[in-house]
Amino acid sequence: MLGRFISLEGGEGVGKTTNIGYIQSLLAENNIPVLLTREPGGTPLAEAMRQLLLDKNQEEMTEQAELLMMFAARAQHIKHVIKPALEQGIWVLCDRFTDATYAYQGGGRSMDFAAINWLENFVQGELRPDLTLLLDAPVKIGMGRAAQRGKLDRFEVEKITFFEKVREAYLALAEQQAERIKVVDATQNLEHVQAEIHQLVTQFIHD
Ligand code: Z5A
């Protein structure tokens, strides 16, 4: 692969959407071509699956269906968007990727990590992000920020204990894969969050 793959992770309302444009501009300043995308989503079919995954007004979705649909959307996304970009030397900046599956389905829903790991290998082969920025904040702070947005989706209506488990799983992943996953303290004001992101991304660019 000629391009490099960066993912942005974190619980609800920690500032992924707010900061992804900032990272894009950092890369652009360094003359790096970059593609911005997100999961679940990123292709027409994967975006249609996203609608289904986030819609709370439907029959109860089983945990298995949710997990498989995350990976079905990911398979489309990898084949039609991520791999072609990386092969052309374009860097990919993705709002959530498979760490979110470990955190939400593995941590939040207590699904078997080994099953997730099997699906990860099956769908992705060797593809993994080269760098992951994990924006971390206590659940109440993230939920408070997200609440200002109004209508809640199928994940956002979950209880606080669900999001506590998601956060724990994310932090455990960061500890296990410290080389790839860099934790950013998202409780700081935006200026400080972006200063930390600036330092991590600049170091990664010059590695
Ligand atoms: N999901 C899953 O379960 N499994 C998977 O494999 C994948 C996903 C890939 C959709 O994701 C859902 O899919 C997600 C997990 C699940 N569900 N949840 N929850 P999403 O990324 O589209 O949705 P999200 O997590 O709900 O993102 P978000 O709530 O939009 O959060 P955010 O992008 O991190 O936050 P934001 O919109 O940038 O910021 C929120 C507010 O805080 C906003 O008003 C900002 O102006 C403000 N903000 C941001 N930073 C700061 C600082 N530093 N200080 C003060 N205020 C700030």
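The values are calculated or read from the model by the stated rules, or taken from the named source; none is laboratory data. Bear in mind that the values here come from a model prediction, so they are computed numbers and not experimental data. Cβ atoms come from the backbone with ideal geometry, glycine included; neighbour counts cover every protein chain shown. Protein only, heavy atoms only, side chains kept; ligands, DNA and RNA dropped before computing areas. Shrake-Rupley method; radii C 1.70, N 1.55, O 1.52, S 1.80 Å.
Leaving out ligands, DNA and RNA, and with a 1.4 Å probe, what % of the accessible surface on segment 2-63 is carbon or sulfur?
Its accessible area is 53 percent carbon and sulfur atoms.
Could you order peptides 90-103, 68-81 by the average number of other Cβ atoms within 10 Å of their residues, highest first?
Peptide ranking by packing, descending: 90-103, 68-81.
Find the accessible area per residue for segment 66-158; the probe is 1.4 Å, ligands and nucleic acids are left out, and the unit is Å².
I get 43 Å² per residue for this part.
Taking only DSSP H segments of four or more residues, each worth -39500 (n - 2.57), what value at 222 nm results for the chain once the sum is divided by all its residues, to the nearest 500 deg cm²/dmol?
Value at 222 nm, helices only: -15000 deg cm²/dmol.
Enumerate the aspartates and glutamates that Lys79 could reach by cross-link, defined here as Cα to Cα under 12 Å, with residues fewer than 8 away along the same chain left out.
Qualifying aspartates and glutamates at Cα under 12 Å: Glu87.
Using the Cα centre of the chain as origin and beta-carbon charges of +1 (Lys, Arg) and -1 (Asp, Glu), tell me which of Met69, Ala186, Leu2 is placed farthest towards the positive end of the dipole.
Met69
Could you give the distance between the Cα centres of segment 159-183 and segment 7-44, to the whole Å?
19 Å
Once the piece of chain linking Gln24 and Asn121 is laid out straight, how much longer is it, given 0.36 nm per residue of separation minus the C-alpha distance between them?
32.1 nm
So what J values fall out for segment 140-149 if you push phi through Karplus, 6.51 cos²θ - 1.76 cosθ + 1.60 with θ = phi - 60°, rounded to Hz, Gly and Pro as x?
Values, residue by residue: 4, 5, x, 5, x, 5, 5, 4, 5, 7 Hz.
Tell me, what is the FRET efficiency for Arg109 and Gln58 to the nearest 0.05, using R0 = 25 angstrom and their Cβ-Cβ distance as r?
Computed FRET efficiency for Arg109 and Gln58 comes out at 0.90.
Just to make sure I understand: if all protein chains stay in place, what is the order of Glu126, Glu63, Glu47, Glu29 by accessible area at 1.4 Å, largest first?
Sorted by accessible area, descending: Glu126, Glu29, Glu63, Glu47.
Give me the Kirkwood hydrodynamic radius of segment 5-206 in Å, from all C-alpha pairs, to one decimal place?
Evaluated on segment 5-206, it is 17.3 Å.
Would you look at the GNM of the chain, springs on alpha carbons closer than 10 Å, and say which of Glu12, Glu120, Glu60 moves the most?
Most flexible of the set in this elastic network: Glu60.
Ordering Thr161, Thr43, Thr202 from largest to smallest accessible area (1.4 angstrom probe), what's the sequence?
Thr161, Thr202, Thr43
Give me the distance in nm between label points sitting 7 Å out from Cα along the Cα-to-Cβ direction at Asn31 and Gln88, one decimal.
If labels sit at Asn31 and Gln88, their model points lie 2.0 nm apart.
Between Leu68 and Lys151, what length comes free when the chain is fully extended (0.36 nm per residue of separation minus the Cα-Cα distance, one decimal in nm)?
Separation in residues times 0.36 nm, less the Cα-Cα distance, equals 27.3 nm.
Show which aspartates and glutamates lie in cross-link reach of Lys56 when reach means a straight Cα distance below 17 angstrom and same-chain residues fewer than eight apart are skipped.
Filter leaves Glu12, Glu47, Glu66, Asp153, Glu156, Glu158.
Please list, or write none, the lysines whose alpha carbon is within less than 20 Å of the alpha carbon of Lys165, excluding same-chain residues fewer than 8 places away.
Counting by Cα, and skipping residues close in sequence, Lys165 has these lysines nearby: Lys16, Lys140, Lys182.
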